[in-house]
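Enquirer: Below are the structure tokens for one structure; questions will follow.
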Number of protein chains: 2
Amino acid sequence: MTYEKTKVKNMPAKDIYHNVVRRALEKDGWIITDDPLVIQVEQKRIVYIDLGAENFIAAEKTGEKIAVEIKSFVGKSFNAEFYTALGQFISYYGVLNESEPGRTLYLAVPKSIYQTQFDSKLVSLAVKNSGLRYIVYDVHEEGGIVLWMN
Amino acid sequence: MTYEKTKVKNMPAKDIYHNVVRRALEKDGWIITDDPLVIQVEQKRIVYIDLGAENFIAAEKTGEKIAVEIKSFVGKSFNAEFYTALGQFISYYGVLNESEPGRTLYLAVPKSIYQTQFDSKLVSLAVKNSGLRYIVYDVHEEGGIVLWMN
């Protein structure tokens, strides 16, 4: 019993939500093509974005392509995690736009965080000034993607 | 001896560079007006930017005003620290622009980091896309501010 609890406690939260978001995207018709999506930025610098997915449309050879960086926001300080997530989005956007201009980048945010934090002045101004795109996911199984913010 | 070593090791690096940057700005004629600069964003949310400074020009009642967020980049992962710094810059810029539109925000970066990291594709694209303004400081005493990047 104690062992089981420890096991669950030590499992990175990122991995739990990683699969939740992966399944939610698949439920919405997306094909996961990369897990993670690897971008060779320079000879010695590689960037990993959590998921790459494609939505194949009948009668078209290529579909809509997205890259998704999954955030759990389970730490103590929302602000600190938001700063990191925002900086990642801007940095990944830059290199992704060079290597694959047709692929759209999203940050995946849990519904509870979206509801309690994203209407704050700090976050809404940062979203507006940075052009941050995000999707909101339900952390519960079968909850799925509840919002796409382009 | 061991005690001294431990003491130095445990002293936050941020504080060491904080005073280095503070003195470097003063040497350049800036008056430190806020340490830290406190921004009341909302009733329950306060943002602290490391320094507020003003450059008083003779024959003018008010001078040029800046806010400076100091970064040491002494951690193991430059990328992780850069993401956080970039996210802070965008977030602070948003709230500072609302509360004090006349004050210019800068990120303070050590010279060694500027020289080894800021010409990378990841950083230069992120700087370009975000409008990041930064100053480069020498971590050694009397080194001063070596670059202003507007």
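Since every read-out is calculated from the coordinates, none of them should be taken as a lab result. The structure displayed is predicted, hence computed values, not measured ones. Please note: Cβ atoms are built from the backbone with ideal geometry, for glycine as well, and neighbour counts cover all protein chains shown.
Enquirer: Among B:83, B:105, B:49, flag the residue with its Cα farthest along the positive direction of the charge dipole of the range B:39-113, charges on Cβ as +1 for Lys/Arg and -1 for Asp/Glu.
Expert: Farthest towards the positive pole: B:83.
Enquirer: Here is a follow-up. Scan chain A and hand back the longest stretch that contains none of the trypsin sites (Lys or Arg not before Pro) lying in DSSP loops with at most 15 other Cβ atoms within 10 Å. Walk me through the numbers on the way to the answer.
Expert: Details: sites that count: A:44, A:61, A:76.
Counting only loop sites that pass the neighbour cut-off, the longest clear stretch is A:77-150.
Enquirer: Moving on. Other chains near B:92-99: what is the mean number of their Cβ atoms within 10 Å of each residue's Cβ?
Expert: On the way: counts 4, 4, 10, 5, 1, 2, 2, 1.
Counting other chains' Cβ atoms within 10 Å and averaging over B:92-99 gives 4.
Enquirer: State the antiparallel share, in %, of DSSP beta bridges confined to chain B, rounding to the nearest 5. Each step should come with its number before you reach the end.
Expert: Working: 17 of 27 bridges.
Among the beta bridges of chain B, antiparallel pairing accounts for roughly 65 percent.
Enquirer: So which DSSP H runs in chain A come out at 18 Å plus along the axis (Cα) with average Kyte-Doolittle of at least 0.0? Kindly include the intermediate steps, with their values, before the conclusion.
Expert: Numbers: long enough: A:13-27 (21 Å, -0.77); A:78-99 (31 Å, 0.17).
Helices meeting the criterion: A:78-99.
Enquirer: Okay, next question. Average partner chain C-beta neighbours within 10 Å, per residue of A:67-73?
Expert: Numbers: counts 0, 0, 0, 0, 0, 0, 0.
Mean inter-chain Cβ contacts per residue within 10 Å come to 0.
Enquirer: Hey, what D do you get for the protein assembly as shown in µm²/s if you plug the Kirkwood alpha-carbon radius into Stokes-Einstein at 37 °C and 0.692 mPa s?
Expert: Details: Rh = 21.2 Å.
Roughly 155 µm²/s, to the nearest whole number.
Enquirer: What does the C-alpha gyration tensor say about the overall shape of the range A:50-150? Classify as rounded when a/c is under 1.5, otherwise prolate if a/b is larger than b/c, or oblate.
Expert: Working: a/c = 2.15, a/b = 1.42, b/c = 1.52.
Taking the square roots of the gyration eigenvalues as a ≥ b ≥ c, the range A:50-150 is oblate.
Enquirer: I've got another one for you. Rounded to two decimals, what is the ratio between the C-alpha radius of gyration of the range A:77-118 and 2.2 N^0.38 Å?
Expert: Numbers: Rg = 12.3 Å, N = 42, 2.2 N^0.38 = 9.1 Å.
Cα Rg divided by the expected 2.2 N^0.38 Å: 1.35.
Enquirer: Going down the table (A:44/A:71; A:27/A:111; A:44/B:76; A:76/B:44; B:65/B:128), which pairs top 19 Å between alpha carbons? Show your work: numbers first, answer last.
Expert: On the way: A:44/A:71 26 Å; A:27/A:111 17 Å; A:44/B:76 16 Å; A:76/B:44 16 Å; B:65/B:128 23 Å.
The pairs that break the limit, which is 19 Å between Cα atoms, are A:44/A:71; B:65/B:128.
Enquirer: What's the longest piece of chain B with no exposed GluC sites (Glu not before Pro), counting a site as exposed if DSSP puts it in a loop and it has at most 10 other beta carbons within 10 Å? Present the calculation step by step, with values, prior to reporting the outcome.
Expert: Numbers: sites that count: B:60, B:141, B:142.
In chain B, the maximal stretch lacking such sites is B:61-140.
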